[in-house]
Amino acid sequence: MMSKQKLACKLLCWLLVANAGISGELFGQDLSHRKSDLTLTVQDAFGNPLGDAIVDIRMKKHAFKFGTQVRDRFFSISETEFHSLNETQKQNLLPNLTDLGQSRYTPDWQDAVNYRQAVLSNFNHVVPTVGLQWVAFENSGPAIPDRAISLAQGNGLSVTGASVVWQRDRWPTPVEFRPESSFDVQDFHDRLMEDRLGIDGIMGRYSESGEGPAITDWKVLNEPIHESYYADTFVEAGIYDNEVEALADYFVRADSIRPDSVLSINEFNILNSGSDNAVIEYRDLVNDLLAAGAPIDRIGVQAHMSRNDVSKADIVRRLNILAETGLGIEITEFDSRDDADQLTPQEQEQVFRDMLEASFESQSVDGFIMWGVWDPGHWRGNAPLYDEDWNVKEEAAPWFDLVKGDWMTELDGISLDSNGQWTAADGVFSGLYDFTVTVNGESRLFSGYDLGSDGSFILAVPEPGGVLFLLGIAVLGIGRRHRRLPV
């Protein structure tokens, strides 16, 4: 039952929200939707309770999707391959930032090692870029993205395939279909359908029945508000009656070959805006596409932040506007800008904290993806976490305070009751857990317990020198099913 003090606090917050006309999520008090119930019971091998046992709890991985973009070849390159490259080839593993007045950076092998470790230790999801884009895949083939995807999945990270259709009149559109080339529009359309939205195209290859590692999360349409070259060309040629019909068809075709996948749309300058006009336009486009039969599963929101006048309240309000579609939301490309002195380090730290809190607190948001981790590997030379020398940046504090700190459950020295049982009063953050049980000075580690929803586990501690094992509640006939991930 809620205490009078807590009830009074909630009523006060509600009144403040009502008077201000803003969402209660702004106050950041309720994270219960990010938590699972947890009950642990410690027994000996014969089912006798061990009330004198002590338990330590360590969350190893979030259930919430925290991810990053990775440069696929640099992420997965082998030491032998790396040392075979000349200086220019090593530089080409990273973005060319000379247009921003920055010199070309030549990575060494330790940079590659640090890059991979930074990704694997901080995230549970990656978005490989370059290799899966249309012209890159057409010219270079699948070897590099295959290796990057397999490396990520082999380390327990999930993957987004990006982008299936990006309607630009330049890269990544193949040269023969750009405005300066002469081509038959029907051939252009047919190639797009074949290469990107056909059973033998990119999405089919990375399916359970395809040749590549399976991906079930796809960014089907990227930046449709800002980039409309394909749809404009196809409508003018009479292939579609209007733009909405063209865009909806992309999703219909994607769903026909990958009904097992989450299909998303993605757009920028939705949060990084001086008004709500952009988010309203985006919401309306999504609603129009849904009405036209587009099977969209998720709304992607890029968050390349360069403004110092976007508050947490603005972010929350705009996420709520998108949530009116009834679809889940993912922050897809977070970073902040200082390449032209847009934001100070202090302002970058604040917008990072606001973005993380608004996303994790929202019941509509199911993922937060940053767009790179390390300055030389970042498209603007200003990644959220690490500088050129692999020092943690000042503006990275919210990541380590929240994602790797407050939101990652760690409990030490838990005492059990006489029945050998302990229950988390307010739940624990959902994710993957290890439990360490200490009895009579001897500790036993139980690894890989998935708290994706709720969990009750019996940890059976055998005699010293015995083999550890788990007795699940369902095995004992209590009727609840609990899943233990392999380790």
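A few comments on the model shown:
- Tyr105 touching a strand residue (DSSP E or B) at 6+ places or on another chain (Cβ under 7 Å), among the aromatic types (Phe, Trp, Tyr) and modelled with pLDDT of 95 or more: no
- Scanning the range 405-419 for residues that are over 24 Å from Asn124 (Cβ atoms) and not aliphatic (A, V, I, L, M) turns up Gly413, Ser415, Asp417, Ser418, Asn419.
- The single residue among Val126, Val165, Val119, Val175 that is in the same structural domain as Ala254 (by TED's automatic domain parsing), out of contact with any Asp or Glu (no Cβ under 8 Å at 6 or more places or on another chain), surrounded by fewer than 17 Cβ atoms within 10 Å (Cβ to Cβ) and β-branched (Val, Ile, Thr) turns out to be Val175.
- Test: residue in the range 259-269 that is touching a Ser or Thr at 6+ places or on another chain (Cβ under 7 Å) and farther than 19 Å from Ser158 by Cβ: no
- Subset of the range 42-68 [surrounded by fewer than 17 Cβ atoms within 10 Å (Cβ to Cβ) and outside any strand (DSSP E or B)]: Ala45, Phe46, Gly47, Asn48, Gly51, Asp52
- Selection of first residues in the range 365-385 that are under 16 Å from Ser103 (Cβ atoms) and of second residues that are of a type outside the set (Phe, Trp, Tyr) and part of a strand (DSSP E or B), restricted to Cβ pairs under 8 Å at least 6 apart or on distinct chains, gives the following pairs, ordered by first then second residue: Gly377/Arg71; His378/Asp335; Arg380/Asp335; Asn382/Asp335; Asn382/Ser336.
- 1 or more residues not assigned by TED's automatic domain parsing to the domain that holds Trp109: qualifying strands (runs of 3 or more DSSP E) within the range 317-416: 410-415
- Scan of the range 138-162 for residues that are more than 20 Å from Ile369 (Cβ to Cβ), in a helix (DSSP H, G or I) and in contact with an Asp or Glu (Cβ under 8 Å, 6 or more places away or on another chain), ordered by number: Glu138, Ile144, Arg147
- When the range 69-102 is filtered for residues that are in a helix (DSSP H, G or I) and under 26 Å from His125 (Cβ atoms), the ones remaining, listed by number, are Asp72, Arg73, Phe74, Phe75, Ser76, Glu79, Glu81, Phe82.
- Of all residues in the range 45-56, those that are touching a residue at least 60 places away in the same chain (Cβ under 8 Å) have Cβ atoms under 6 Å from Cβ atoms of residues that are in a loop (DSSP other than H, G, I, E, B), 6 or more apart or on another chain, in Ala45/Pro462; Pro49/Asn419; Pro49/Gly420; Leu50/Gly420; Gly51/Leu416; Gly51/Ser418; Gly51/Gly420; Ala53/Leu416.
- Number of residues in the range 302-325 that are of a type in the set (Gly, Ala, Ser), touching a Ser or Thr at 6+ places or on another chain (Cβ under 9 Å) and surrounded by fewer than 21 Cβ atoms within 10 Å (Cβ to Cβ): the value is 3.
- When the range 112-131 is filtered for residues that are out of contact with any Leu (no Cβ under 9 Å at 6 or more places or on another chain) and outside any loop (DSSP other than H, G, I, E, B), the ones remaining, listed by number, are Val113, Asn114, Tyr115, Gln117, Ser121, Val127, Pro128, Thr129.
- Filter result for Gly238 (more than 27 Å from Trp371 (Cβ to Cβ) and assigned to a loop (DSSP other than H, G, I, E, B)): yes
- Those residues of the range 215-232 which are assigned to a loop (DSSP other than H, G, I, E, B) and over 16 Å from Leu197 (Cα atoms), in sequence order: Glu223, Pro224, Ile225, His226, Glu227, Ser228
- Among the residues of the range 241-280, those that are closer than 15 Å to Val220 by Cβ, outside any helix (DSSP H, G or I) and among the small types (Gly, Ala, Ser) comprise Ser261, Ser264.
The values are calculated or read from the model by the stated rules, or taken from the named source; none is laboratory data. Computed from a predicted model, the values in this text were never measured in an experiment. All Cβ positions, glycine included, derive from the backbone under ideal geometry; neighbour counts span all protein chains shown.
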